[in-house]
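Have a look at the structure below before the remarks.
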Amino acid sequence: MRAAGVRESAGQVELLDLPDPHSPGPDEVLIEVEAAGVGNWDDIVRTGVWNVGPTPPMALGVEVAGTVIAIGSQVTGLRQGDEVLGHPLPLRDQGCWAERVVVDAGLVVRKPLGVSWEVAAAFPVPALTAKQVLAESLKLAEGETLLVHGAGGTTGGLIVQLAALRGARVIATAGPSSVARVAKAGAAEVVDYHDSGWPDRVRELTGGAGVDAAVNAVRGGSADTILAVQEGGRMATITGDPPAADRGISVADVYVRPDATQLAELCALLGDGRLTLSVGSALPLAEAATALERAIAGANGGPVVLQVKPGRLSEFVKSGLER
Ligand SMILES: NC(=O)c1ccc[n+]([C@@H]2O[C@H](COP(=O)([O-])OP(=O)(O)OC[C@H]3O[C@@H](n4cnc5c(N)ncnc54)[C@H](OP(=O)(O)O)[C@@H]3O)[C@@H](O)[C@H]2O)c1
């Protein structure tokens with residue numbers, strides 16, 4: 001089958017001809033992939049720093065959207081023909097940048113009706129991260145004030161939306177071209193991060209004390225983020241850069257994990273329009289290297305996806321990039 005990935009650890013991303021996945025085991029399903037998500041985290045897999053299961057030569061990709069075409073003997077709740085999405089780690093055979101992938105059936109959920117394959121493919125990692133950071137790490141309560149640093153990004157934008165849905169007052173940082181989108185996502189105030197004194201602006205917006213809780217979604221952005229948090233407050237970072245302890249503020253260093261129950265809840269919100277996501281660019285499997293470069297550079301304007309099934313590009317152009 002056609003796939004995109006690396007022949008050796010830290011190798012260049014290229015098209016690969018890989019053996020078909022094994023037939024699904026008792027708890028597995030085989031998915032015909034329509035689209036697969038691309039994030040800068042795929043580069044951490046490429047370089048061998050994040051072990052997601054297989055070893056090179058391997059297809060990359062940890063987010064999948066596609067159709068179930070074969071099913072294991074003990075799988076309940078899914079049938080052949082179901083349209084699904086997921087973040088199916090650890091991978092059972094190969095990554096998701098491939099024509100077919102076999103996964104743990106317990107880690108995929110049904111794609112909401114009316115949501116495009118591209119949006120479905122880009123949704124699992126950022127949405128699960130947003131949920132886990134707010135509900136588990138920060139335990140954000142209604143009425144609290146939350147800072148989201150890096151709200152112009154895909155994950156930052158979903159954190160804003162989910163926090164607003166939880167009834168928090170959201171203060172966000174974003175660049176000028178993202179202000180309107182971040183406000184629409186639910187931020188009550190948006191501060192331009194290009195102003196080096198932005199943490200002071202955020203504190204002023206809270207009357208001087210600082211926010212109850214904050215999420216850093218900018219590489220290297222934690223040290224600034226903590227400056228805007230009140231004494232004894234809470235902070236989480238999703239970029240692996242927890243700052244030194246300061247003023248009794250608790251700090252969580254958060255890494256996404258697969259959770260089908262959470263993903264199904266998030267899909268319900270996506271399906272009824274309470275969460276939205278717009279894809280920035282969609283490329284064919286053969287352009288996986290460019291797609292990854294784009295994601296690493298910062299998915300300005302929305303996440304990057306690979307259209308795996310031939311013929312998808314024309315359908316996609318017709319139907320547009322929104323959910
Ligand atoms: N730990 C985990 O499990 C986990 C999960 C998901 C993501 N992440 C990480 O979280 C980070 C953000 O992810 P993402 O999906 O939101 O990325 P993204 O979509 O690529 O974010 C790009 C956006 O970040 C904003 N940005 C860039 N530099 C900034 C700065 N100095 N201050 C504030 N905003 C800045 C820009 O927004 P403007 O348009 O506003 O300029 C840009 O459009 C990435 O490093 C990603 O790897 C980690």
By a straight-distance test (C-alpha under 20 Å), which aspartates and glutamates pair with LYS184 as possible cross-link partners, with residues fewer than eight away in the same chain excluded? GLU142, GLU144, ASP192, ASP272, GLU322
For the range 133-253 the mean separation of alpha carbon contacts under 8 Å (6+ apart) over residue count, i.e. relative contact order in percent, is 22 percent
Report, in debye and to the nearest 20, how large the dipole of the range 133-253 comes out about its Cα centre when Lys and Arg carry +1 and Asp and Glu carry -1 on their Cβ. 300 debye
Any idea of the accessible area per residue across the chain, 1.4 Å probe, to the nearest Å²? 41 Å²
Within the chain, the percent of DSSP beta bridges that are antiparallel, given to the nearest 5, stands at 55 percent
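Over the range 97-175, what relative contact order in percent results from Cα pairs under 8 Å that are six or more residues apart?
On the way: 75 pairs, mean separation 21.8, N = 79.
The normalised contact order for the range 97-175 reaches 28 percent.
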Can you pull the accessible area of LEU146 for me, 1.4 Å probe, Å² to the nearest 10? 0 Å²
Across GLN74, GLN161, GLN262, the residue with the highest GNM fluctuation in the chain (Cα network, 10 Å cutoff) is GLN74
By the Cα gyration tensor axes a ≥ b ≥ c (a/c under 1.5 gives rounded; else a/b larger than b/c gives prolate, otherwise oblate), the shape of the range 158-202 is oblate
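Please state the shape class of the chain: rounded when a/c is under 1.5, otherwise prolate if a/b exceeds b/c and oblate if not, all from the C-alpha gyration tensor. Display every interim value, and only then the final one.
Details: a/c = 1.89, a/b = 1.80, b/c = 1.05.
It comes out prolate by the Cα gyration axes.
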Can you list the residues of the range 89-106 with backbone N under 16 Å from a point 7 Å past the Cα of GLN74, pointing along Cα to Cβ? 103-106
Just to verify a number: what accessible area does ARG2 come out at with the full protein assembly present, 1.4 Å probe, Å² rounded to tens? 90 Å²
List the residues whose amide H sits under 5 Å from the amide H of LEU147, counting only those 5 or more places along or on another chain, with H placed 1.01 Å from N in the peptide plane. ILE171, ALA213, ALA214, VAL215
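Shape verdict for the range 1-151, please, from the Cα gyration tensor: rounded (a/c under 1.5), prolate (a/b greater than b/c) or oblate.
Working: a/c = 2.03, a/b = 1.29, b/c = 1.58.
Here the range 1-151 falls in the oblate category.
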Roughly how many Å is it from the Cα centre of the range 140-167 to that of the range 60-101, as a whole number? 30 Å
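Counting only C-alpha contacts under 8 Å and six or more residues apart, can you give the relative contact order of the chain as a whole percent? The partial results should precede the final answer.
On the way: 800 pairs, mean separation 62.3, N = 323.
So the answer I get is 19 percent.
Of all the accessible heavy-atom surface of the range 133-253, with the other protein chains kept in place and a 1.4 Å probe, what percent is carbon and sulfur? It would help to have the intermediate numbers written out before the result.
Numbers: 2470 of 4900 Å².
On the range 133-253, the fraction of accessible area on carbon and sulfur atoms equals 50 percent.
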Table column - 3J(HN,Hα) (Hz), the range 257-266, Karplus curve with 6.51, -1.76, 1.60, x for Gly and Pro: 9, x, 7, 5, 5, 4, 5, 5, 4, 5
Report the accessible area of ARG247, computed with a 1.4 Å probe over the heavy atoms of all protein chains in place, in Å² rounded to the nearest 10. 80 Å²
Spelling out what I want: for every residue of the range 85-98, take phi, set θ = phi - 60°, compute 6.51 cos²θ - 1.76 cosθ + 1.60 (Karplus), and round to whole Hz; glycine and proline get x. 8, x, 10, x, 9, x, 5, 8, 9, 9, x, 8, 7, 7
Ranking ALA288, VAL251, HIS194 by how far each Cα lies towards the positive end of the charge dipole of the chain (+1 on Lys and Arg Cβ, -1 on Asp and Glu Cβ), the top one is HIS194
Across the range 210-227, in residue order, what do the Karplus-derived ³J(HN,Hα) couplings come to in whole Hz, using 6.51 cos²θ - 1.76 cosθ + 1.60 with θ = phi - 60° and x for Gly and Pro? x, 6, 5, 8, 8, 10, 9, 10, 10, 4, x, x, 5, 4, 6, 4, 5, 5
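With +1 on each Lys and Arg Cβ and -1 on each Asp and Glu Cβ, how big is the dipole of the chain about its Cα centre, in debye rounded to the nearest 20?
On the way: 26 positive and 38 negative charges, 93 e Å.
Once rounded to the nearest 20, the dipole reads 440 debye.
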Of the options LEU134, GLY39, VAL102, report the single residue whose Cα projects farthest towards the positive end of the charge dipole of the chain (beta-carbon charges: Lys, Arg +1; Asp, Glu -1). LEU134
Along the positive direction of the dipole of the chain (beta-carbon charges: Lys, Arg +1; Asp, Glu -1; about the Cα centre), which of GLY207, VAL304, VAL148 reaches farthest? GLY207
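The values are calculated or read from the model by the stated rules, or taken from the named source; none is laboratory data. What you are looking at is a predicted structure, and each value in this text was computed from that prediction instead of being measured. All Cβ positions, even for glycine, are placed from backbone atoms using ideal geometry, and neighbour counts span all protein chains on display. These area figures cover heavy atoms from the full protein model, side chains too; ligands, DNA and RNA do not enter into them. Shrake-Rupley method; radii C 1.70, N 1.55, O 1.52, S 1.80 Å.
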